[in-house]
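Working notes for the structure below.
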Protein chains: 2
Amino acid sequence: MATHTNRGDRVATDRRTAILEGAARLIARRGVRGLRVEELAAEAGVSAALIYYHFKDRAGILLRTLEFIGDRAERYTAERCDGSTPDRHRRELEQSFLLELQDLPEVRENSIAWGELRASAVFDPALRGDLAQAGAAWAHEVAGLLGAVLPVASATALAESAERLTALLEGLSMRWLSGVLSLEHAQELIVEAIAVETGRPSEGEN
Amino acid sequence: MATHTNRGDRVATDRRTAILEGAARLIARRGVRGLRVEELAAEAGVSAALIYYHFKDRAGILLRTLEFIGDRAERYTAERCDGSTPDRHRRELEQSFLLELQDLPEVRENSIAWGELRASAVFDPALRGDLAQAGAAWAHEVAGLLGAVLPVASATALAESAERLTALLEGLSMRWLSGVLSLEHAQELIVEAIAVETGRPSEGEN
DNA sequence: GTCTATACAAGGATAGAC
DNA sequence: GTCTATCCTTGTATAGAC
């Protein structure tokens, strides 16, 4: 369709991105339900009309923003630091979870947005596609890491372990974000859960 | 203050309860954020003005409803069927979790409301008190049940196990409610998690 | 305590100029 | 593509009669 790319298009794309970044920030601050188009316009430094021009309506904004956040998450999720030390694999597994439990703006934004997406999907089936897809990809990745730690485990056992660990992380993340659980404690709990799931209760366990 | 209780008070109390029940249903259907006072009025068969008369404002409705739901949850949570069969205690523990994973209107309502409360608390610190209190009580109860299964475990180990299991249940519950995980699978996963946490990997595990 | 009627505000969305 | 101005729906909350 687009036979050429002029400066106007570049500017437009930049504005689009600015809007999405602003939306991510605002969702982290006020939630999906608390996102106001006017406010987003101010945050992104554009007019409200422009947002409608680019994203059709409020639902469009939400959908694109959640996609945007999903893509962005792959950046800090994609930590490949191979090597073959003995329990190197376990560390890698732990890392992949601990990366989601950090008090960094981007991580918070992504976690909050994910929680919001999950909660909204309870009432809005339109969101379930994204949710299921991203969730499955994540679980699959975790199952792979688990497989490296437990080479003898069956594929289904690995898949179920992965489901439990990812579901647990979501639960812990929500407790952290809702101010009921400290970040440090959440980190300890997930690490210990990994230990339990991989059959290595660490010191102090029963 | 109230020196007597006449028929008018009885009716008023009934209406109050009807409103709270309606609110619970509506929250389960549309979420906390989707709760509309007019709609609630219709659902409860009263006028909107009456709701404001009884609950002051929208926030008041929410707070009372969440209390109401919390109290109601104790009913089906309070299953005491003692006896001292060998792994009687484990069954009791499993039951206490499986009670939260049933496709009954009341259970759904409570689970959804709980998820909404959790999600709302991320942006509204006013809700964190209720959340922390109810969560702590639940975790404590679970720790007790765990203690019966693992008499030799330390108190902290039990508390941490309880935290992991309750957080996992919340995560699984959200996945079920958001239509990404079947109820049966959620039940299997929590039962298996209990097995793993109590150190008895069931058949098929690695 | 409970209702009807209504004021009032906020927010989503569009029109039309540039 | 982008803005300013504006419309209009929806939803919270109150006034005042009964």
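The values are calculated or read from the model by the stated rules, or taken from the named source; none is laboratory data. Bear in mind the structure is a predicted one, so any value in this text is a computation, not a measurement. All Cβ positions, glycine included, derive from the backbone under ideal geometry; neighbour counts span all protein chains shown. Heads up: the accessible areas ignore ligands, DNA and RNA and are worked out on the full protein's heavy atoms, side chains in. Shrake-Rupley method; radii C 1.70, N 1.55, O 1.52, S 1.80 Å.
Name the residues in the stretch A:172-184 that are facing chain B (nearest Cβ under 8 Å), open to solvent by 20 Å² or more (accessible area, probe 1.4 Å) and of a type outside the set (A, V, I, L, M, F, W, C), would you?
A:R175, A:G179
Taking the residues in the stretch B:20-42 that are in contact (Cβ under 8 Å) with a residue 40 or more places away in the chain and within 14 Å of DNA strand C (Cβ to nearest atom) as candidates, determine which candidate is least open to solvent (accessible area, probe 1.4 Å).
Looking at the filtered set, the residue picked out is B:L20.
Return the total of residues in the stretch A:90-110 being open to solvent by 30 Å² or more (accessible area, probe 1.4 Å) and either acidic (D, E) or modelled with pLDDT under 90 (or both).
3
For the stretch B:147-171, which residues satisfy the criterion of being of a type outside the set (D, E, K, R), closer than 19 Å to B:G115 by Cα and within 7 Å of chain A (Cβ to nearest Cβ)?
Those that are of a type outside the set (D, E, K, R), closer than 19 Å to B:G115 by Cα and within 7 Å of chain A (Cβ to nearest Cβ): B:A167, B:L168, B:G171.
Before we move on, is B:G144 open to solvent by less than 70 Å² (accessible area, probe 1.4 Å) and either more than 14 Å from chain A (Cβ to nearest Cβ) or within 16 Å of DNA strand C (Cβ to nearest atom) (or both)?
On the way: open to solvent by less than 70 Å² (accessible area, probe 1.4 Å): yes; either more than 14 Å from chain A (Cβ to nearest Cβ) or within 16 Å of DNA strand C (Cβ to nearest atom) (or both): yes.
Taking the combined requirement at face value, the residue satisfies it.
Which count do you get for residues in the stretch A:113-132 that are more than 21 Å from B:R108 (Cα to Cα), open to solvent by less than 10 Å² (accessible area, probe 1.4 Å) and not small (G, A, S)?
0
Go through the stretch B:49-75 and count every residue that is more than 14 Å from chain A (Cβ to nearest Cβ) and surrounded by 15 or more Cβ atoms within 10 Å (Cβ to Cβ).
The qualifying residues number 14.
Condition test on B:I194, is it within 30 Å of A:G31 (Cα to Cα) and more than 7 Å from every other protein chain (Cβ to nearest Cβ)?
In short, no.
Looking at the stretch B:59-74, I want the residues that are closer than 15 Å to B:E109 by Cβ and have a partner that is at pLDDT 90 or above and not in a helix (DSSP H, G or I) with Cβ atoms under 9 Å, at least 6 apart or on another chain. Which pairs are those?
Correct list of pairs: B:L62/B:V32; B:L62/B:L35; B:T65/B:V32; B:T65/B:L35; B:L66/B:V32; B:A73/B:E100.
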